[in-house]
Amino acid sequence: MQNTLFPSVDYPTDVHTLTHEGRTILLIGTAHISQESVKLVEKVISQEQPDCVCIELDDKRYTALTQKKKWQSLDLKQIIKNKQLSTLLINLLMASYQKKLGGQLGIKPGAELLAAAKMATENNIPISLCDRDVRITLRRAWKSTSFFKKGYLLTTLFASLFDSTEINEEKLAEMKQKDVLTELMDEMGSVLPDVKRVLIDERDIYLSEKIKESSGERLVAVVGAGHVAGITSAFNNDHSKDIQEISTIPPISKIWKILGWSIPLLIIGSIVTIGMQKGMADAGSNLLYWILANGIPSAIGGILALANPLTILGVFAAAPITSLTPVIGAGYVAAFIQVMRTPPVVKEFETVGDDMGSFTGWWKNKLLRVFLVFLFTGIGSSIGTYVGGYEIIKNLIS
């Protein structure tokens, strides 16, 4: 594509020229695991010497890419307290998927974004981080997904880790038309349209507005190729009014809050009613059944995850209580105890991406074992709630 500011410079079709209020933006569509994209980014920035370099990163991802010891800033206990384990797991799964593909090509995922930042720094060019906070993106995606589709999403992401498909030059050429994340989302788009909307479409709008907000008359913007069409489409429209809405995490609806409290109230009310109608002995036996129905499967989940013995005991005791409140689940309690009793070591933070691609790695890596503890005990608690609740309601109406 011919650059309108520098007619003598010819760039490949991966470079797109956009204009906005008299300003010119060279939008570079990249593949996040392509050495050719790295070279193209370096060439364009060096040649153009723009007033600003816009990059498809937020502060968190930029820090994670630039800090070799990024594990130091990862506070697992705080993540568990904030109930963000699910979003962290999805983030790690996606990062591991990209790392696996990048490893086949001998390049670190996001290398072209780092190259853009490095070139800008070396040439004293301001950097504008234009992507939405990754935590907001992942939490919006998670909240927009139904319970059953959450399972499909996790299953698809897990399956991608064990995909043995080799990446060749032909495949890489295809991937340059859409970044790795877009390719993965396209496969799930028909089943998970809300996830694709949050991860791709909303970010296209966000990136477009943040690029337009960046200072300077001549800008270079580096984004994944999968965002180019969306950014181009949104660029000449004013979406500034949409930024606040897509930058917040939707609150839990009142209906879900009511449903969340209705189950524990139903269980407690049923046990009280049984006591009033049939005597305290029957109420006590139903209460004991509830404790065992919740505690045993949750503890089995901990055993399957090879959790610390105190974690297993802790979740056995906690599950009957957490099942009676929507505030916190048994999985989070178990994960917190596991982190306290068997904290991951430095090496396991650094090898988590590789360990994710191995079935046994999930049990050997203490960080990944925290996720197994979280998932397995949570599933056990859900089973216990259903079994225990069914038995108590049956005894009430019989």
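Nothing in this text is a laboratory measurement; each read-out follows from the coordinates by a stated rule. Treat the numbers as computed from the prediction; the structure is a model and nothing was measured. Backbone-built Cβ (ideal geometry, glycine too); neighbour counts: all protein chains shown.
Give me the percent of Cα-Cα pairs in region 298-349 that sit more than 12 Å apart, rounded to a whole number. Please report the intermediate quantities before stating the final value.
On the way: 805 of 1326 pairs.
Looking at region 298-349, the distances longer than 12 Å represent 61 percent of pairs.
How would you rank 261-270, 226-235, 320-329, highest first, on the average number of other Cβ atoms within 10 Å across their residues?
Values: 261-270: 15.0, 226-235: 20.6, 320-329: 18.0.
So the peptides 261-270, 226-235, 320-329, ranked by packing, come out 226-235, 320-329, 261-270.
Compute the normalised compactness of region 254-397: alpha-carbon radius of gyration over 2.2 N^0.38 Å, N being the residue count.
The reported ratio for this selection is 1.21.
Taking amide hydrogens as modeled 1.01 Å from N in the peptide plane, which residues meet the under 5 Å criterion relative to A221, leaving out close sequence neighbours?
Residues meeting the criterion, in which the H sits 1.01 Å from N, are L26, L27, I28, C54.
Apply the Karplus parameterisation 6.51 cos²θ - 1.76 cosθ + 1.60, with θ equal to phi minus 60°, to every residue of region 309-322 and state each ³J(HN,Hα) to the nearest whole Hz, in sequence, with x for glycine and proline.
Working through the residues one at a time gives x, 5, 5, 4, 5, x, 6, 4, 6, 7, 4, x, 7, 5 Hz.
Anything over 24 Å Cα to Cα? Flag those among K150/K257; K196/K241; K81/K196; K83/K254, in the order listed.
Result: K81/K196 exceed 24 Å.
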